Amino acid sequence: MATALVIENDPTDDLRRLGEWLTEGGVELRVLRPHAGDALPADLDGYAALVVLGGEQQAYPLTDGSPGAPWFPALEGLLRKAVRQRVPTLAICLGAQLLAVAHAGEVERSPSGPEVGPTVVGKRDAADTDPLFRYVPLMPDVLQWHSDEITELPHGATLLAAATRHPHQAFRLGDRAWGLQFHIECDTAMIADWARDSTLLAELGYDPELVVAACDRAMADLEEVWQPFAIRFAALALGELDDDTPRRSLPLLGH
């Protein structure tokens, strides 16, 4: 059985539903928590995939020039190796920002302001030939919770999904590394934890209970889109996804 290396950058953002979906797809998971002292490996030998989760840190240097977290330089090195070695990679929110920065993209505090709660993004034409995004609907439901954004994609990246205020919502580097600015792993309990005493929601003037309720109502629609997406990613890690046959009998919407 193939094993995916999962990097948890923040204890408040774990695998949750995404972990269940990847396991359902036949992939074993090894979770490292560098925030709790776990050391990152020097390479990805023995791993069939890499998953990098989100967190409250920033992907760009702090004011004193130090990285947003002590392990970020090593993690960016792993992300570069993953793209170079064609290891299937899924990077979410902060993870997507680190994927971009590791390849000379740019991330900064969003000039359009934070993005929080359920919304939709729009697929770009390039998504029609993407091995994971080709089956995603034209305007998929997503969950947002970020103050920073990718303002410039790495050279050679393919934009797969966009939105008006925050254009770079999903992208691919090479043929096997995907970055998602939005969250697909969250369940309602995770959102409720984020909303509790949230300075971000207070800054926006949002009622935490209303935000949690809105996210909860979107959970079924999110699962309908992103559970099959995760299963396809697992199939890629297992070597079972044939990029040249887009109509394979993998899970589609509602299945």
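From the Cα gyration tensor of the stretch 51-93, with a ≥ b ≥ c the square roots of its eigenvalues, which class applies: rounded if a/c is under 1.5, or else prolate if a/b is larger than b/c, or else oblate? Here the stretch 51-93 falls in the oblate category. Working from Cα pairs under 8 Å separated by at least six residues, relative contact order for the stretch 1-44 is 49 percent. For q values of 0.12, 0.25, 0.31 Å⁻¹, compute log₁₀ I(q)/I(0) with the Debye formula on a Cα-only model of the stretch 154-209, without solvent. Summing over Cα pairs of the stretch 154-209 leads to -0.45, -0.96, -1.14.
Summing +1 for each Lys or Arg and -1 for each Asp or Glu, what net charge is found among the other residues whose Cβ lies under 13 Å from the Cβ of Glu8?
Residues close to Glu8 contribute a combined charge of -3.
Out of the total accessible area of the stretch 185-236 (probe 1.4 Å, heavy atoms of protein only), what percent is carbon and sulfur? Write down the numbers at each step before the final one.
On the way: 1140 of 2320 Å².
The C+S portion of the solvent-accessible surface of the stretch 185-236 is 49 percent.
What's the Cα-based Rg to Rh of the stretch 159-251, Rh via Kirkwood? Ratio of gyration radius to Kirkwood radius for the stretch 159-251: 1.06. Approximating the spin labels as points 7 Å out from Cα along Cα→Cβ, the Ala39-to-Ala220 distance works out to 4.9 nm. Summary of the geometry: the stretch 91-126 and the stretch 176-206, compared by the centres of their Cα atoms, lie 13 Å apart.
Applying the Kirkwood pairwise sum to the alpha-carbon positions of the stretch 120-183 produces a hydrodynamic radius of 11.9 angstrom. Normalising the average separation of contacting C-alpha pairs (under 8 angstrom, six or more residues apart) by the number of residues puts the relative contact order of the chain at 21 percent.
Taking the protein heavy atoms of the stretch 20-68 in the context of the full set of protein chains, the accessible area attributed to carbon and sulfur is 45 percent at 1.4 Å. Here the scattering of the chain is modelled by Debye summation over its C-alpha atoms, one equal scatterer each and no solvent; at q = 0.16 Å⁻¹ the log10 of I(q)/I(0) is -1.24.
State the extension gain, in nm to one decimal, for the chain segment bounded by Arg30 and Leu210, taking 0.36 nm per residue of separation less the distance between their alpha-carbons.
61.3 nm
Remark: the stretch 91-134 projects, on average over all directions, an area of 4.4 nm² (convex hull of Cα atoms).
For the stretch 1-49, taking the reciprocal of the average inverse distance between every pair of different Cα atoms yields a Kirkwood hydrodynamic radius of 11.5 Å.
Spin-label pair Asp128-Asp193: with each label point 7 Å from Cα along the Cα-Cβ axis, the two points sit 4.1 nm from one another. The residues of the stretch 159-207 present an accessible area of 39 Å² per residue when probed at 1.4 Å with all protein chains retained. Give the Debye-formula value of log10 I(q)/I(0) at each listed q (0.09, 0.19 Å⁻¹), with one equal scatterer per alpha carbon of the stretch 15-158, two decimals each. Calculated log10 I(q)/I(0) at the listed q: -0.30, -1.48. A helix-only calculation puts the chain at -9000 deg cm²/dmol for mean residue ellipticity at 222 nm, using -39500 (n - 2.57) for each DSSP H run of at least four residues, averaged over all residues. Averaging the sequence gap over all C-alpha pairs within less than 8 Å and six or more residues apart, then dividing by the number of residues, gives the stretch 38-143 a relative contact order of 25 percent.
The values are calculated or read from the model by the stated rules, or taken from the named source; none is laboratory data. These figures come from a predicted structure and were not determined experimentally. With ideal geometry, Cβ positions are generated from the backbone for all residues, glycine too; neighbour counts draw on all protein chains shown. We work out accessible area using only protein heavy atoms, side chains counted, and drop any ligands, DNA or RNA first. Shrake-Rupley method; radii C 1.70, N 1.55, O 1.52, S 1.80 Å.
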